[in-house]
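One structure is given here, and the rest of the page talks about it.
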Amino acid sequence: MTTNAIDMTARAERATELQIQNRTLEMHLLQESLARAHMQERLQEAEHQRMALRAHRAAKLVRKAERASLRARRALAVALM
């Protein structure tokens with residue numbers, strides 16, 4: 001084998017190794033990206049659930065305040081009679 005052929009073979013082997021390393025890195029980054037997207041989705045879902053719970057609690061408090069107001073008006077009406 002000539003020196004030129006050896007150099008070409010060595011370059012081809014290095015290029016193959018770099019391609020494998022790049023593919024491995026790309027797969028690793030793909031997994032990280034997928035995990036990041038999954039966590040982002042779960043965080044958004046949790047935030048949505050918290051907002052829904054706050055809205056439910058607020059509606060419950062409004063109903064409770066309305067009932068208390070009605071009782072107060074009835075008590076006042078009875079007291080004025």
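Just so it is clear, none of the values below were taken in a lab; they were calculated from the coordinates. Here the structure is a predicted model, which is why all the values come from computation and not from measurement. Using ideal geometry, Cβ is built from the backbone for each residue, glycine included, and neighbour counts are taken over all protein chains shown.
Quick rundown of the values:
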item: Per-pair calculated FRET efficiency, R0 = 35 Å: Glu66 and Ala37 via Cβ, rounded to 0.05; result: 0.20
item: Using alpha-carbon coordinates, inclination of helix 3-80 to the longest axis of the chain, degrees; result: 0
item: Expected-Rg normalisation [2.2 N^0.38 Å, Cα atoms] applied to the chain; result: 2.98
